[in-house]
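Colleague: The structure that follows is given in the form of structure tokens.
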Amino acid sequence: MSRELSLTRHITSDQPRVLVVDGSRVVRQLIERVLKNELPNAVVIGCSNGTDALAQLAGGVIDLITTSLRLPDMDGVDFAREVREGSAQAYIPIVVVSGDVQERLVARTLTSHVTDYFDKALGFDALAVFIRGYVRPTEQIAGDVLYVEDSRVVALATRRMMEKFGFRVHHVVSVEAALEQLESAVIENRVPGADLVLTDVNLKGELGGGDLLDRIRNHFDYAKGELPVLVMTGDDNPVNQAKLLRAGANDLVHKPIEERLLITKLQFQLRVARRLREQAQA
């Protein structure tokens with residue numbers, strides 16, 4: 001069983017919304033009970049099939065998904081793929097809770113669309129321990145962050161947040177400077193040059209955060225798992241948010257920045273990227 005326990009971007013909120021997808025009503029109720037014990041304020045939404053679950057995703061923000069591998073209308077891995085490809089929440093954590101996890105692992109049919117997995121055969125007491133570790137992890141993960149922010153006041157405060165949790169931060173004030181750093185990494189054969197990029201969407205100068213995102217995905221051709229990009233924005237318009245996610249942002253960081261939420265997002269994306277690298281090397 002995987003013990004790389006990740007944390008999603010909204011788990012620290014007052015009412016996290018969890019989508020439980022399983023064809024068995026009994027199993028859905030058991031998982032809901034576990035979630036309620038670990039997250040008393042959680043809103044748990046049960047769906048018996050993938051189609052209904054995708055409709056729920058289209059209707060509002062979901063913070064965490066658990067799914068069976070065998071759904072009445074589709075395979076659980078196919079469901080995870082549709083979430084990744086069709087939802088604005090492309091990097092929402094998807095945890096497989098199923099009885100045939102080990103079989104899929106041996107056959108190597110669990111793809112990178114799945115964030116983590118739990119073997120139902122271990123029992124629901126063990127699932128409670130798993131969920132507890134997932135939403136209240138003790139492990140911390142840090143890395144090198146290329147941080148793009150033109151406000152020195154904001155940059156100083158945000159950099160202190162990250163460095164306090166062990167992140168190594170290289171701050172630049174423009175997209176042009178960030179591109180120079182990425183180009184230098186290519187020339188020096190140390191690609192991608194950072195573990196993660198954190199950029200404001202609105203920056204002084206000709207290029208903004210959206211331009212940097214475009215260059216990273218389409219010029220350097222770094223995939224989301226290869227070089228995660230988090231975009232900071234104060235824009236609450238869901239259309240604009242979805243546009244950034246579709247353009248290749250792994251996640252959004254809403255301003256004003258809240259420390260615990262920022263660190264949660266950074267650590268989660270680094271865990272995902274590490275897992276994808278390990279899978280590629282296997």
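The values are calculated or read from the model by the stated rules, or taken from the named source; none is laboratory data. The model shown is predicted, which means the values in this text are computed figures rather than measured ones. In this analysis, Cβ positions are derived from the backbone assuming ideal geometry, glycine residues included, and neighbour counts consider all displayed protein chains.
Colleague: Mind listing whichever residues of the stretch 237-253 are surrounded by fewer than 17 Cβ atoms within 10 Å (Cβ to Cβ) and either touching a residue at least 12 places away in the same chain (Cβ under 8 Å) or under 18 Å from E163 (Cα atoms) (or both)?
Modeller: P238, A242, R246, A247
Colleague: Moving to a separate point now. Please specify each residue of the stretch 144-170 satisfying the condition of being buried (at least 17 other Cβ atoms within 10 Å of the Cβ) and either at positive phi or aliphatic (A, V, I, L, M) (or both).
Modeller: Of everything in the stretch 144-170, those that are buried (at least 17 other Cβ atoms within 10 Å of the Cβ) and either at positive phi or aliphatic (A, V, I, L, M) (or both) turn out to be V145, L146, V148, A155, M161, M162, V169.
Colleague: Out of V186, V191, V272, report the one residue that is modelled with pLDDT under 95, of a type outside the set (D, E) and part of a helix (DSSP H, G or I).
Modeller: Matching residue, one of V186, V191, V272: V272.
Colleague: Scan (1) assigned to a helix (DSSP H, G or I); (2) under 29 Å from P238 (Cβ atoms); (3) touching a residue at least 12 places away in the same chain (Cβ under 8 Å) for the single condition N37 breaks and write down its number.
Modeller: Answer for N37: the failing condition is (2).
Colleague: Right, something else. For the stretch 171-181, how many residues are closer than 14 Å to L227 by Cβ, surrounded by fewer than 22 Cβ atoms within 10 Å (Cβ to Cβ) and of a type outside the set (S, T, N, Q)? It would help to see each step written out before you state the result.
Modeller: Let us first name the residues in the stretch 171-181 that are closer than 14 Å to L227 by Cβ, namely 178-179, 181.
From the residues that got through so far, the ones that are surrounded by fewer than 22 Cβ atoms within 10 Å (Cβ to Cβ) too are 179, 181.
Those left that are additionally of a type outside the set (S, T, N, Q): 179.
Number of matching residues: 1.
Colleague: Does T199 satisfy the condition of being touching a Gly at 6+ places or on another chain (Cβ under 9 Å), under 20 Å from L156 (Cα atoms) and not in a loop (DSSP other than H, G, I, E, B)?
Modeller: yes
Colleague: Quick check on this structure: which one of N189, N218 is more than 21 Å from A249 (Cα to Cα) and surrounded by fewer than 14 Cβ atoms within 10 Å (Cβ to Cβ)?
Modeller: Within the list N189, N218, the selection yields N189.
Colleague: Oh, and also: Which residues, counting only those in the stretch 196-215, are surrounded by 21 or more Cβ atoms within 10 Å (Cβ to Cβ) and farther than 14 Å from G248 by Cβ?
Modeller: The answer is L198, D200, L203.
Colleague: Within the stretch 65-166, which strands (runs of 3 or more DSSP E) (wholly inside it) include 3 or more residues that are under 16 Å from D22 (Cα atoms) and at pLDDT 85 or above?
Modeller: Where strands (runs of 3 or more DSSP E) fall fully within the stretch 65-166 and carry at least 3 residues being under 16 Å from D22 (Cα atoms) and at pLDDT 85 or above, they are 94-98.
Colleague: Next question, about the same structure. Restricting attention to the stretch 9-30, report how many residues are acidic (D, E) and either at pLDDT 90 or above or part of a helix (DSSP H, G or I) (or both).
Modeller: Number of matching residues: 1.
Colleague: Identify, from the list L182, L230, the residue that is of a type outside the set (S, T, Y) and within 18 Å of V253 (Cα to Cα).
Modeller: L230
Colleague: Please find, among L266, L262, L207, L230, the residue that is without any contact (Cβ under 8 Å) to a residue 40 or more places away in the chain and under 13 Å from the mean Cα position of the chain (by Cα). Steps first, please.
Modeller: Values: L266 fails: without any contact (Cβ under 8 Å) to a residue 40 or more places away in the chain; L262 fails: without any contact (Cβ under 8 Å) to a residue 40 or more places away in the chain; L207 fails: under 13 Å from the mean Cα position of the chain (by Cα).
Among L266, L262, L207, L230, only L230 is without any contact (Cβ under 8 Å) to a residue 40 or more places away in the chain and under 13 Å from the mean Cα position of the chain (by Cα).
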